[in-house]
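The values are calculated or read from the model by the stated rules, or taken from the named source; none is laboratory data. Note that the coordinates shown come from a computational prediction; the quantities given were computed from them, not determined experimentally. Ideal geometry is used to build each Cβ from the backbone, glycine not excepted, and the neighbour counts take in all protein chains shown. Only protein heavy atoms, including side chains, enter the accessible area calculation; ligands, DNA and RNA are left aside. Shrake-Rupley method; radii C 1.70, N 1.55, O 1.52, S 1.80 Å.
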Amino acid sequence: MSGAHILVYPYLSAGHIIPLLDLTHRLHTRGLTVTVVVTPNNLSLLNPLLSTHASSSTLQPLVLPSPQPSNFSSNRLIDSMHGLRLLHYPLLLQWFSSHPSPPVAIISDFFLGWTHQLATELGLPRVVFSPSAAFAFAVQHQTWIDSPKNDGPSTVSFPNIPGSPRYPWHQISHIYRSLKEGDPDREFYKSTLLANLVSWGVVFNSFSELEGVYIDHVKKEAGHDRIWAVGPLLPPDDDLMRPANRGGSSSVPCHEVMTWLDARREHSVVYVCFGSRAELTREQTDGLAAGLEKSGVHFIWCVRGVMPAGYEERVAGRGFVINGWAPQVEILRHRAVGVFLTHCGWNSTLEGIAAGVVMLTWPTSADQFSNAQLLVEELGVGVRVGDGTEVIPESGELARILAESLDENRAERVRANKLRDAALTAVKGGSSDKDLDDFVLRLNALSK
Ligand SMILES: O=c1ccn([C@@H]2O[C@H](COP(=O)(O)OP(=O)(O)O[C@H]3O[C@H](CO)[C@@H](O)[C@H](O)[C@H]3O)[C@@H](O)[C@H]2O)c(=O)[nH]1
């Protein structure tokens, strides 16, 4: 007999879809029947998963139309969140009412807080999926609860979060800072986030050895224990999910990158990438380009934007520039890569941790500042190099940090190795596996 039927609904951008599809794979492997909401332009991201489970009627896409820009908001994220609600809420209500054996729960991204209302209307539990860290989740939601003002001290502090973290104003949520109280965009965004806090449960792409204190904090605030940490959610080693196509098709043949890496010594290459969305400013690009050039290190740089003229020729032989989408997980897993210069998106952070590389941090927005803090100050596996456009490292200084980061005996490397082992243990019979078992048990109990 197949397990409970659940609806999985990812938010529409790569950094959010990728980990929730990885979770879908695991839930389906554990016997659940899963319907995944996708829009036509994202269907291709689901294809590797669908072909892995090709013969299965228990994993199905539900293709709903993509929202058009609605002019509700000039903020693209809010406009798309709102557009999805407008378009998909009635379609999902209809779909549920006409389905012969509809899902017993909805698992949806934290940007889809309105699905809490939908689930309530359907008499179902909604589980929040957080593609961000438990730490960042706590900071993000606490910001909207505390409503800090930019009129007192120069930093905003969060005394009720463990460690009492504090951030300069520019590191606080951009949406929070840029929209005035009473603005309908702001109210919509706030209500969407606050709905997460009253939902039935929360699943984190994290693990208790990494973030136990923050996971416990979220449990305490929620007042129940339906908080599960099941990460790091990564594609399996055996290529079942075809990691080279994870989140997009690689802009260069994956084997070319692998051949290039094969010719290099262990831990001798720095991989540089700023995630799926961030485009660097001219000044940031130039600073990074000059630092990499001066350092003399071997590197792979995944670039979105325009490179300085003649750059690729000048670094030929030791710099591999990828314009577009890189096969990131494969690169990080290669033995030649020892260091990851990252914007600290949570997926990249976890992928770096699971690969045991030293992290050079250059957060640019959103949760990346608290992720960098976790890597550098708490876990001791990272070294700060930049801070958005506020701190762009001087090229000589960056070159020095890059060259030193490859040192085999650095304390960060020793700690990164230990953390990798803890991450891999968590998902191979450890804490995350146990949380996932419990989660599946609770979902199955709903259909009884
Ligand atoms: O060329 C590329 C670029 C990215 N990726 C993958 O795309 C994902 C990117 O995710 P992430 O590192 O989290 O960065 P963003 O794309 O910036 O993700 C957004 O979503 C994350 C999860 O909420 C947040 O932590 C980030 O701050 C937010 O910008 C990762 O799995 C990468 O492996 C590739 O495979 N190739």
Discussion item. Along each principal axis of its Cα atoms, how long is segment 243-424 end to end? Whole angstroms, biggest number first, please.
Written reply: 41, 37, 31
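Work out how much length SER178 to ASP407 would gain on full extension: take 0.36 nm times their residue separation and subtract the Cα-Cα distance, in nm to one decimal. Mind showing how you got there, number by number?
Numbers: separation 229, 0.36 × 229 = 82.44 nm, distance 4.19 nm.
Between SER178 and ASP407, full extension yields 78.2 nm more.
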Item to complete: Can you check how the C-alpha radius of gyration of segment 151-265 compares to 2.2 N^0.38 Å, as a plain ratio?
Response: 1.54
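Report Rg(Cα)/(2.2 N^0.38 Å) for the chain, keeping two decimals.
Details: Rg = 21.6 Å, N = 448, 2.2 N^0.38 = 22.4 Å.
Compared with the compact-globule rule of thumb, the chain sits at 0.97.
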Worksheet item: Once you list every other residue whose beta carbon is under 11 Å from the beta carbon of LEU261, what net charge do they have if Lys and Arg are +1 and Asp and Glu are -1?
Response: 0
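State the number of lysine pairs found in segment 5-229 whose Cα atoms come within less than 21 Å, restricting to pairs 8 or more positions apart or on distinct chains.
Qualifying lysine pairs in segment 5-229: 4.
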Worksheet item: Taking amide hydrogens as modeled 1.01 Å from N in the peptide plane, which residues meet the under 5 Å criterion relative to THR33, leaving out close sequence neighbours?
Response: GLY3, ALA4, HIS5, ILE6
Worksheet item: Extent of segment 262-317 along each principal axis, from alpha carbon coordinates, in Å, largest to smallest?
Response: 32, 24, 15
Response to the item:
Taking only C-alpha positions in segment 5-229, Rg and Dmax in angstrom work out to 18.0, 60
Worksheet, complete the sentence: One finds the C-alpha centres of segment 121-157 and segment 386-400 to be spaced, in Å, by 30 Å
Item to complete: Name every cysteine in the chain that ends up alone, with no second cysteine's Cβ under 4.7 Å, or say none.
Response: CYS254, CYS344
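Once every DSSP H run of n ≥ 4 in the chain is given -39500 (n - 2.57) and the sum is divided by its residues, what mean residue ellipticity at 222 nm do you get, rounded to the nearest 500 deg cm²/dmol? Please list the in-between numbers first.
On the way: 17 runs with 197 residues, N = 448.
Value at 222 nm, helices only, nearest 500: -13500 deg cm²/dmol.
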Practice prompt. With a 10 Å radius around each residue's Cβ, average the other Cβ atoms per peptide and rank 27-33, 279-285, 205-211, 307-313, highest first.
Written response: 205-211, 27-33, 279-285, 307-313
Fill in: Under Karplus coefficients 6.51, -1.76 and 1.60, residue-wise ³J(HN,Hα) of segment 88-105 in Hz, glycine/proline x
8, 4, x, 5, 5, 4, 5, 4, 4, 6, 9, 7, x, 9, x, x, 9, 7
Discussion item. About the Cα centre, and with charges only on the beta carbon of Lys, Arg (+1) and Asp, Glu (-1), how big is the dipole of segment 243-424? Nearest 20 debye, please.
Written reply: 420 debye
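Based on a Kirkwood Rh over C-alpha pairs, give the Stokes-Einstein translational diffusion coefficient of segment 15-93 at 25 °C and viscosity 0.890 mPa s in µm²/s.
Working: Rh = 13.8 Å.
So the translational diffusion coefficient is about 177 µm²/s.
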Worksheet entry | Segment SER147-ASN417, extension gain: residue separation times 0.36 nm, minus the distance between their alpha carbons | 93.3 nm
Worksheet item: Under a point spin-label approximation (7 Å from Cα along Cα-to-Cβ), what is the GLN60-VAL391 distance to one decimal in nm?
Response: 5.2 nm
Response to the item:
In nm², the average projected area of the convex hull spanned by the Cα atoms of segment 366-438 is 6.5 nm²
Response to the item:
Carbon and sulfur atoms account, in whole percent of the 1.4 Å probe accessible area of segment 31-72, for 53 percent
Item to complete: May I ask you to evaluate 6.51 cos²θ - 1.76 cosθ + 1.60, the Karplus curve with θ = phi - 60°, for each residue of segment 367-377 and list the ³J(HN,Hα) values in order in whole Hz, giving x for glycine and proline?
Response: 6, 5, 5, 6, 5, 5, 4, 4, 5, 7, 7
